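Engineer: Starting off with a structure, shown below.
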Protein chains: 2
Amino acid sequence: MNEPAALALAEPDFVLVRPQMGENVGAAARAMLNFGLSRMVLVAPRDGWPNDRAVATASGAARVLDNARLVASTVEAVGPATHVYATTARGRELVKPVMTPEAAMADARARIRAGERVAVLFGPERTGLETDDIVLANTLVTVPVNPGFASLNLAQCVLLTGYEWLRSGDAPLREIAWTDAPATAAERRHLLDRLEERLDRARFFWPEERRGSMIANLRTMFSRMALTATDIRTLHAVFRALADRHPARRDRDSQ
Amino acid sequence: MNEPAALALAEPDFVLVRPQMGENVGAAARAMLNFGLSRMVLVAPRDGWPNDRAVATASGAARVLDNARLVASTVEAVGPATHVYATTARGRELVKPVMTPEAAMADARARIRAGERVAVLFGPERTGLETDDIVLANTLVTVPVNPGFASLNLAQCVLLTGYEWLRSGDAPLREIAWTDAPATAAERRHLLDRLEERLDRARFFWPEERRGSMIANLRTMFSRMALTATDIRTLHAVFRALADRHPARRDRDSQ
């Protein structure tokens, strides 16, 4: 968060989640810079960082790599963002809005103009984003492709999304007006972490084998809400108040 | 022209002009099939054809390569087309309409629905299309990119154009109505070849060093006209009639 505010507002973060081959990271950097994008975030690249092959492939776009933010987890990557998009061909089992790249980038541009900070997640080459990454997103982005042959690679997905980002600058602006500062992913995450702790103590997640899907549904539900920072504070207070009505149970279960 | 008419009408020809590396031809095949395109035309691939590296890279899209039409020249490639698009970052010195990929593919779809046959030219990796190729086109296509870093490769250019082709299927249709069959590039070419012969005999192309640019301007001017097959026949007759008013000069000059 030491970046100048103007830069932080100007464009989305493109987050490469656990990319495998350095060449693909370099190709993604080129694809981004072709469309004027330079804010890359790298989540745990498989072959370490910095990576010589990435630099060799990036060629004239090496400065995108030089300025890339390296983080250990997707949670950390999206922390500062108020709105997170996940590019995925799957994930339809989660109840989240699905947009085309065109609609998503028009939406992202409107949010950034309204003062939001936006991140777009791109999954690893073979497998794509995992459910644990996708639950962090507010909106899914799916490229329309031939259903009989859909083989977009990482850099191609970055290319098409970047292309739509540049194009969205010409599109009519969809106004998004916030009456209060939007919540960041980190603030939402913290709220849900505390909520889940409280629900755990209340034995809400039962039976144990349904725990994972119950938590995913809960996080998905909250990801769809356009929460402000004030909403987050209010919900913290609400959850705390509810939980404190059963001090005996809390004390018993937290031992 | 032994193809079924329905296939000929369904989608544009994607013409790779003098592609260099087999890998890029294979990647272009994948990019095409991602968006449901399968009509590839190859103009004089540098490393010959068939090409093992192209097949290896194409992987699941090898059938696009198997069905590719191999020709010796761009003139031959665009012969059956009634409308030719050339993807190029340059060519602005030629007075031809320039479209974005989105507008060009919407235009192509409208033409195809109206019974036209359409071709899109993609240049070699390093140099892009040459002026001799570009003059064959009716319309130029330029991808909007960051002017400070424009490094789209062949397969990426094919990818973005294919993406816009697929997207154009959802866009509102721009109707194009022909009252007569549109002329093919071969018919237009033949008309201009004959015209240039006649003009040569009339010593029109003078001084000699301006010959090339005068012919390019002439071809460009005709490329902008929406000529029908009947128009072509009419123009042949017009040019013949004009030239035959000077039989003495023609006889003298053609010796």
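Every number here is computed from the coordinates shown, using simple stated rules; none is lab data. Since we're looking at a predicted model, the values are computed, not measured. A quick note on method: Cβ atoms are made from the backbone with ideal geometry, for glycine too, and the neighbour counts reach across all protein chains shown.
Engineer: Quick query: amide H of A:ALA86 versus all other amide H atoms, modeled in the peptide plane; which residues come in under 5 Å with a sequence gap of 5 or more or a different chain?
Structural biologist: Result for A:ALA86 returns A:LEU121, A:THR139, A:LEU140, A:VAL141.
Engineer: Same structure again: Calculated FRET efficiency, B:VAL95 and B:ALA10, Cβ-Cβ r, R0 30 Å, to nearest 0.05?
Structural biologist: Computed FRET efficiency for B:VAL95 and B:ALA10 comes out at 0.40.
Engineer: How large is the dipole of the range A:6-58 about the Cα centre if only Lys and Arg carry +1 and Asp and Glu carry -1, each at its Cβ, rounded to the nearest 20 debye?
Structural biologist: I would put it at about 60 debye.
Engineer: Also: I'd like the antiparallel share, as a percent to the nearest 5, of DSSP beta bridges with both residues in the protein assembly as shown.
Structural biologist: In the protein assembly as shown, approximately 5 percent of DSSP beta bridges are antiparallel ones.
Engineer: Would you mind giving the mean number of other chain beta-carbons within 10 Å of the Cβ of each residue in B:145-155, as a whole number?
Structural biologist: Averaged over the peptide's residues, the number is 5.
Engineer: Given R₀ = 45 Å, FRET efficiency for B:GLU76-B:ASP170 by Cβ-Cβ distance, to 0.05?
Structural biologist: 0.85
Engineer: For the range B:22-178, with only Lys/Arg (+1) and Asp/Glu (-1) charged at the beta-carbon, what is the dipole magnitude about the Cα centre, in debye rounded to 20?
Structural biologist: With only Lys, Arg, Asp and Glu charged at Cβ, the dipole is about 240 debye.
Engineer: Using a 7 Å offset from the Cα along the Cα-to-Cβ direction at both A:ALA181 and B:ALA237, what is the distance between the two label points in nm, to one decimal?
Structural biologist: Using points 7 Å along Cα→Cβ, the separation is 7.9 nm.
Engineer: Mind running the shape call on chain B? Use the C-alpha gyration tensor, a ≥ b ≥ c as the square roots of the eigenvalues: rounded below 1.5 for a/c, prolate if a/b tops b/c, oblate otherwise.
Structural biologist: It comes out prolate by the Cα gyration axes.
Engineer: On to the next question. What is the helix-to-structure angle for B:101-113, meaning the angle in degrees between its Cα long axis and the longest Cα principal axis of chain B, kept from 0 to 90 and rounded to the nearest 10?
Structural biologist: Rounded to the nearest ten degrees, it is 70.
Engineer: Here is a further query. Once phi is turned into ³J(HN,Hα) by the Karplus curve 6.51 cos²θ - 1.76 cosθ + 1.60 with θ = phi - 60°, what whole-Hz value does each residue of the range A:227-243 show in order, with x for glycine and proline?
Structural biologist: 7, 9, 4, 5, 4, 4, 4, 4, 5, 3, 5, 4, 5, 4, 4, 4, 5
Engineer: What's the longest uninterrupted piece of chain A once you rule out the trypsin sites (Lys or Arg not before Pro) that are loop residues per DSSP with at most 11 other Cβ within 10 Å?
Structural biologist: Answer from the scan: A:1-91.
Engineer: Each label point is 7 Å from the Cα along the Cα-to-Cβ direction; what then is the distance between the points at A:ARG211 and A:ALA226, in nm?
Structural biologist: Placing both labels 7 Å beyond Cα along the Cβ direction yields 3.6 nm.
Engineer: For A:GLU130 and A:ALA202 in the same chain, what is the full-extension length gain: residue separation times 0.36 nm, less their Cα-Cα distance, in nm?
Structural biologist: Contour length minus the Cα-Cα distance gives 23.1 nm.
Engineer: Something else: Report, for B:ARG113, each distance to the same residue's label point in the other copies, shortest first and in nm; define the point 7 Å along Cα→Cβ.
Structural biologist: Label point to label point, same position, other copies: 3.0 nm.
Engineer: Follow-up. Using the Karplus equation 6.51 cos²θ - 1.76 cosθ + 1.60 (θ = phi - 60°), what ³J(HN,Hα) coupling, rounded to whole Hz, does each residue of the range B:14-31 give in order, writing x for Gly and Pro?
Structural biologist: Listing the rounded values in order: 9, 9, 8, 8, 6, x, 9, 8, x, 4, 6, 5, x, 5, 5, 4, 4, 4 Hz.
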